[in-house]
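Asker: My questions will all concern the structure given below.
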Amino acid sequence: MTVQAGAFNEFDQPVGPEVPAWKPRAQPPRTPLTGRYCRLEPLDVERHARDLYEAYACAEDGRDWTYMSTGPFSDFEAYWDTASRQAVSSDPLHHAIIDLETGRAIGTLALMRIDAANGVIEVGHVAYSPLVKRTRAGTEAQYLLMRRVFDELGYRRYEWKCDALNAPSRRAALRYGFQFEGIFRQAIVYKGRSRDTAWFSIVDGEWPAISRGFEQWLTSENFDRNGRQRAALADLIAAARA
């Protein structure tokens, strides 16, 4: 990985590129985002909690929660308590994923560690039920948040972090166009365990190509009559970058 230098200062030291007329960015708004297959809404326990609990209950076991700070949930009341805390939080700012075909909430994800002064933000708390995994809606949900961060709000850096042992999450980050940056050792203690954290990012200069890859992947023409993709997202992003 190369380190970006813009020029040399009066002491002949390399310094980073200038960012002309930089201003702090706005906080993410609590407004919906609508795509072809899903809508993202700020989490609301009255509207979303029952749908989400039932969607998560479709899983055969609790493995989806191994690397999450919450869950699994023994009953609806336990999930309601967690969702109630998440719904009033502004950072993380949790969103429910609404399936446009059914109108039901089928998963959640959040914008978090919001550093508006420097234009840096993270996507996290990604809790996909079996109803949203490996679907167009699941991929589009990620794209809608990215588009808000880069195109609407003008942030410079978008981060993905996960337990370094969480292989599915690491694969997902690469599929979505994130670049692996390294491992922060013993970064977190959660559920009584030590966590090494894998860091990934997208920066604003990379976003146009990644956006084109998502848009191409999400078109109806990219899927056959059985719903199978014709071109993989990672391949489309790689082609757009080339």
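Asker: Go through segment 32-75 residue by residue and tally those that are more than 15 Å from Ala105 (Cα to Cα) and not small (Gly, Ala, Ser).
Answerer: 13
Asker: Next question. Being part of a helix (DSSP H, G or I) and either surrounded by fewer than 17 Cβ atoms within 10 Å (Cβ to Cβ) or on the phi > 0 side of the Ramachandran plot (or both) is the filter here; which residues of segment 41-73 pass it?
Answerer: Glu46, Arg47, Arg50, Glu54, Arg63, Trp65, listed by residue number.
Asker: Here's something else I'd like to know. Checking Ala116 against (1) over 26 Å from Asp224 (Cα atoms); (2) small (Gly, Ala, Ser); (3) in contact with an Asp or Glu (Cβ under 9 Å, 6 or more places away or on another chain), which test does it fail?
Answerer: Just one mismatch for Ala116, condition (3).
Asker: If you don't mind, another one. So if I check each of Ala116, Ala105, Ala96, Ala110, which one is at pLDDT 95 or above and surrounded by fewer than 19 Cβ atoms within 10 Å (Cβ to Cβ)?
Answerer: Ala116
Asker: Moving to a separate point now. Looking only at segment 158-186, count every residue that is surrounded by fewer than 17 Cβ atoms within 10 Å (Cβ to Cβ) and outside any strand (DSSP E or B) and tell me the total.
Answerer: 6
Asker: Looking at the structure I just gave you, is Leu33 touching a residue at least 40 places away in the same chain (Cβ under 8 Å) and within 23 Å of Asn166 (Cβ to Cβ)?
Answerer: Considered against the rule, which asks whether it is touching a residue at least 40 places away in the same chain (Cβ under 8 Å) and within 23 Å of Asn166 (Cβ to Cβ), Leu33 comes out as no.
Asker: Can you give me the number of residues within segment 125-146 that are crowded, with 18+ Cβ neighbours inside 10 Å and either more than 10 Å from the chain's Cα centre (by Cα) or of a type in the set (Gly, Ala, Ser) (or both)?
Answerer: 11
Asker: Ser201: within 23 Å of Cys162 (Cα to Cα), of a type in the set (S, T, N, Q), in contact with a Lys or Arg (Cβ under 8 Å, 6 or more places away or on another chain) and part of a helix (DSSP H, G or I), yes or no? Full working, then the answer.
Answerer: Details: within 23 Å of Cys162 (Cα to Cα): yes; of a type in the set (S, T, N, Q): yes; in contact with a Lys or Arg (Cβ under 8 Å, 6 or more places away or on another chain): yes; part of a helix (DSSP H, G or I): no.
No, not satisfied.
Asker: Of all the strands (runs of 3 or more DSSP E) wholly in segment 74-154, which have at least 2 residues that are touching a residue at least 12 places away in the same chain (Cβ under 8 Å), under 20 Å from Ser220 (Cβ atoms) and touching a strand residue (DSSP E or B) at 6+ places or on another chain (Cβ under 7 Å)? Before the answer, list the steps.
Answerer: On the way: elements: 93-99, 105-115, 120-128.
The qualifying strands (runs of 3 or more DSSP E) are 93-99.
Asker: Of the numbered conditions (1) out of contact with any Lys or Arg (no Cβ under 8 Å at 6 or more places or on another chain); (2) within 25 Å of Asp204 (Cα to Cα); (3) surrounded by 10 or more Cβ atoms within 10 Å (Cβ to Cβ); (4) not aliphatic (A, V, I, L, M), Pro32 satisfies every one except a single condition; which is it?
Answerer: Of (1) out of contact with any Lys or Arg (no Cβ under 8 Å at 6 or more places or on another chain); (2) within 25 Å of Asp204 (Cα to Cα); (3) surrounded by 10 or more Cβ atoms within 10 Å (Cβ to Cβ); (4) not aliphatic (A, V, I, L, M), only one is false for Pro32: (1).
The values are calculated or read from the model by the stated rules, or taken from the named source; none is laboratory data. The shown structure was predicted, so the numbers you read here are calculated from the model rather than taken from an experiment. Ideal geometry is used to build each Cβ from the backbone, glycine not excepted, and the neighbour counts take in all protein chains shown.
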